[in-house]
Amino acid sequence: MYDFYSDTKSKPTRAMLEAMIAAEVGDEQKGEDPTTNALCERVADELGQEAAVFLPSGTMCNEIAIRVHCRPGDEVISDQTSHIINFEGGGPAALSGVVLKGLPGERGIFSPDDVKAAVRPPNRYAPRSRLVSVEQTANLGGGKVWPQHDMATVVTAAHDAGLLTHMDGARLFNACVKAGVSARAYTSQFDSCWVDFTKGLGAPVGAVLAGSRGFIGEAWRFKQQWGGAMRQSGVIAAACLYALDHHVDRLADDHGLAATIGTHLQGLPKVESVLPVETNIVIFDIAAGGPTGQGLVDTLEKDGIVIGAFAERRVRIVTHIGVGEDAGRDLCAGLSRHLG
Ligand SMILES: *Cc1c(COP(=O)(O)O)cnc(C)c1O
């Protein structure tokens with residue numbers, strides 16, 4: 001089976017597992033796990049922030065950040081396609097009592113003017129606009145990279161309006177590798193930001209949330225309260241450190257394979273359109289004469305290839321460390337058979 005459903009399907013390599021076995025460990029929630037501490041220091045440094053905390057998932061990073069930044073009745077502004085609006089089970093409402101406002105961005109990217117227009121007047125009738133969140137890269141935008149300048153102007157617009165800023169950096173390093181920009185250059189102006197280790201970086205568990213010392217102190221309250229505080233988490237933190245050393249530069253290979261798949265799709269008669277491929281995500285629409293998205297998914301699965309349907313005719317393919325050139329050739333041959 002070749003699994004292109006998501007980069008979350010990547011599995012730890014043998015060398016990563018060896019790094020996990022060799023990890024020095026202690027009680028994480030007492031601050032005694034040296035490997036987790038090293039990971040947090042390293043990520044805080046790479047993201048240009050004062051401090052960081054290790055969490056079990058990216059979703060918990062988003063949810064804790066919203067909880068720390070906001071009070072019930074506050075409003076969080078993000079693109080309408082964002083993960084926090086669509087894929088976290090209504091967590092911001094359930095856990096923080098906030099209202100979410102989705103902006104009609106362009107493939108997940110919005111502008112400073114969009115932010116200014118969304119900010120509510122400060123009166124007691126309106127929810128209090130509190131936080132602007134951006135996603136780097138924009139998943140449903142087809143893995144689109146926020147250009148550094150656009151992101152900086154959005155952060156400035158939010159701060160000028162008295163709002164806080166948060167980056168969902170589930171695939172931040174894909175953006176860094178694609179654009180040749182350091183992580184810090186994207187993240188240092190944000191009030192909070194995080195990176196996921198279970199996407200393209202190929203670790204089995206873990207995400208790190210970063211921010212000011214005060215912010216991370218508060219984040220720890222909710223990590224404890226929501227059951228995210230751990231014990232000998234060095235075993236998994238070691239996989240994350242290994243990924244930072246060995247799996248960042250290779251993201252360029254994933255981007256190359258995704259570009260090849262995107263170009264191949266563009267030449268197929270039953271493909272309506274392909275979103276421009278920038279990183280490791282390929283999103284395309286099947287033309288009216290072709291199968292439905294789910295139909296294509298089901299037939300390809302019989303050929304031993306897994307992809308995902310996102311809407312009636314919209315399909316997503318994601319490249320990662322577990323699918324190399326051979327997998328890409330098989331996928332392209334299957335796509336030709338069913339969409340040719
Ligand atoms: C995967 C993802 C998340 C959530 O991360 P998990 O580690 O799966 O909880 C958040 N935001 C984006 C953009 C993602 O792709």
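The numbers here are math on the coordinates, done by the rules we state, and not lab data. These numbers come from a predicted model, not from an experiment. Cβ placement follows ideal geometry from the backbone for every residue including glycine, while neighbour counts extend to all protein chains displayed.
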| message | With 10 angstrom as the radius, rank Val181, Val99 by how many other C-beta atoms surround their C-beta, starting from the fewest. | response | Val181, Val99
| Can you sort Thr187, Thr299, Thr13 by how many other beta carbons sit within 10 Å, fewest first? | Thr299, Thr13, Thr187
| Sorted by Cβ neighbour density within 10 Å, fewest at the top, the residues Arg316, Arg42, Arg184 | Arg184, Arg42, Arg316
| Counting only residues 5 or more places away or on other chains, whose amide H sits under 5 Å from the amide H of Lys144 once H atoms are built in the peptide plane? | Ala138
| remark: With only helices counted (DSSP H, runs n ≥ 4, each -39500 (n - 2.57)), the per-residue ellipticity at 222 nm for the chain, to the nearest 500, works out to -12500 deg cm²/dmol
| field | Mean projection area, nm², convex hull over Cα of the stretch 88-204 | value | 8.0 nm²
| message | I need the P(r) histogram for the chain: all alpha carbon pairs, bin width 20 Å from 0 out to the longest distance, whole percents. | response | 31, 56, 13, 0
| task | Mind counting lysine pairs for me in the chain? Cα separation below 26 Å, and the two need to be 8 or more apart along the chain or on different chains. | result | 22
| the stretch 7-133: C-alpha pair distances exceeding 19 Å, % | 63 percent
| remark: Per its Cα gyration tensor (rounded if a/c is under 1.5, else prolate when a/b beats b/c, else oblate), the stretch 178-275 is best filed as prolate
| said: Given N residues in the stretch 1-80, what is its alpha carbon radius of gyration divided by 2.2 N^0.38 Å? | reply: 1.45
